[in-house]
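Q: Just dropping this structure here.
The values are calculated or read from the model by the stated rules, or taken from the named source; none is laboratory data. Keep in mind it's a predicted model, so treat the numbers as computed, not measured. As a convention, Cβ positions derive from the backbone with ideal geometry for all residues, glycine included, and neighbour counts pool all protein chains shown. The protein model used for the area step is the full one, side chains on, heavy atoms only, and it has no ligands, DNA or RNA in it. Shrake-Rupley method; radii C 1.70, N 1.55, O 1.52, S 1.80 Å.
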Amino acid sequence: MKFFIDTANLKEIEEGAKMGILDGCTTNPSLMAKEGIKGESNIKDHYKSICELVDGSVSAEVFSTSFDGIVSEGEELANIHSNIVVKVPMIEEGIKAIAHFTKNNIKTNCTLVFSATQALLAAKAGATYISPFIGRLDDISTDGLQLLDDIVTIFSNYGFESEVLGASVRHPMHLMECAQMGVDVVTCPFSVYKSLFKHPLTDIGLAKFLKDAEKMQG
Ligand code: E4P
């Protein structure tokens, strides 16, 4: 199971990478804007910095919604660094562009997936990663984890090569359920990874061991 970090914050990415648990990073225009990144050359530099910190896929999202626009933007993004994966929205022009990128050996992440049939279309086009947003479905009283489970079943029925990337993962139980159903990748905010470390019995146990270790040192 791959762990991607869902942020454009360089400090968080650096800290996550140092933990030795990261396999990649996902960004989106909202996450980039949150870091105050503006203008073409700053955007490119920022993606380059992320790629230098993370040894794995780094999803960079296109702004265009037409086939030609997505293709030219995606090609520019892919040229920034070999780790870049072009993130393309789940729209008709996006699927056409994903099929084009697949033919040209450019890796893609199909984003904003909210149904199993959308995931099927992205798999048919050969997307490298397919990102169902489970938290955003939960937000509208729809079972996001059930959608992921359906997609995992459909993909294994037919042996699709696309990796299922659980996105909009909001808490440790989301992540645990993804692991149980065999989701290939999750992308989570740094706070979710930090919370995985926590257990009160670990803290209590460590405090006791340290106290007893003091006694041993005389
Ligand atoms: C995925 O690639 C998206 O960047 C992200 O997971 C969306 O999460 P959110 O719904 O918490 O914004």
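Q: So what is log10(I(q)/I(0)) for region 62-117 at q = 0.28, 0.29, 0.30, 0.31 1/Å, when the Debye sum runs over its Cα atoms only?
A: Computed log10 I(q)/I(0) values: -1.16, -1.23, -1.30, -1.36.
Q: A follow-up question, please. Taking 1 over the mean of 1/r across every pair of different Cα atoms in the chain, what Kirkwood radius in Å do you get? Working shown, then result.
A: Working: mean 1/r = 0.0548 Å⁻¹.
Value: 18.3 Å, from the Cα pair sum.
Q: So what is the relative contact order for the chain, in percent, with contacts set as C-alpha pairs under 8 Å and at least six apart?
A: Working: 364 pairs, mean separation 37.5, N = 218.
Taking the mean separation of contacting Cα pairs over the length of the chain, I get 17 percent.
Q: Quote the relative contact order of region 49-126 in percent (integer), defining contacts as alpha-carbon pairs under 8 Å separated by 6+ residues. Can you show the working numbers first?
A: Values: 107 pairs, mean separation 22.0, N = 78.
The value is 28 percent.
Q: Kindly sort Asp139, Asp55 by accessible area of their heavy atoms, largest first, with the probe set to 1.4 Å.
A: Asp55, Asp139
Q: Classify region 135-216 as rounded, prolate or oblate from the Cα gyration tensor: take a ≥ b ≥ c as the square roots of its eigenvalues, call it rounded if a/c is under 1.5, otherwise prolate when a/b beats b/c and oblate if not. Intermediate results must be reported in sequence, preceding the final value.
A: Working: a/c = 3.79, a/b = 2.45, b/c = 1.54.
The shape class here is prolate.
Q: OK, next. May I ask you to give the percent of accessible area on region 1-79 that is carbon plus sulfur, with a probe radius of 1.4 Å? Numbers along the way, then the final one.
A: Working: 1850 of 4000 Å².
That share works out to 46 percent.
Q: Taking 7 Å along the Cα-to-C-beta vector as the label spot, tell me the Lys18-Phe67 distance in nanometres, rounded to one decimal.
A: Placing both labels 7 Å along Cα→Cβ, they lie 4.8 nm apart.
Q: Which residues' amide hydrogens lie under 5 Å from the amide hydrogen of Thr26, considering only partners 5 or more residues apart or on another chain, with H built in the peptide plane?
A: Distant-sequence amide H within range of Thr26: Ile5, Asp6, Thr7, Ser59.
Q: Still on this model: Could you rank Ser59, Ser49, Ser156 by how accessible they are, 1.4 Å probe, largest area first?
A: Values: Ser59 0, Ser49 40, Ser156 90 Å².
The most accessible residue leads, giving Ser156, Ser49, Ser59.
Q: Also, quick follow-up: Please tell me which of these pairs span more than 28 angstrom C-alpha to C-alpha: Lys38/Lys198; Lys87/Lys194; Lys38/Lys87; Lys2/Lys87; Lys34/Lys194; Lys2/Lys34? Display every interim value, and only then the final one.
A: Numbers: Lys38/Lys198 36 Å; Lys87/Lys194 26 Å; Lys38/Lys87 18 Å; Lys2/Lys87 17 Å; Lys34/Lys194 21 Å; Lys2/Lys34 25 Å.
Correct reply: Lys38/Lys198.
Q: What do you get for chymotrypsin sites (Phe, Trp or Tyr not before Pro) in region 174-218 restricted to DSSP loop and a cutoff of at most 10 other Cβ within 10 Å of the site's Cβ? If you can, show how the numbers build up before the last one.
A: Details: sites: Phe190, Tyr193, Phe197, Phe209; in loops: Phe197.
Here the sparse-neighbourhood loop sites are Phe197.
Q: Let me ask something else about it. I'd like to check one number: the per residue accessible area of the chain, probe 1.4 Å, reported in Å² as a whole number.
A: On a per-residue basis, 53 Å².
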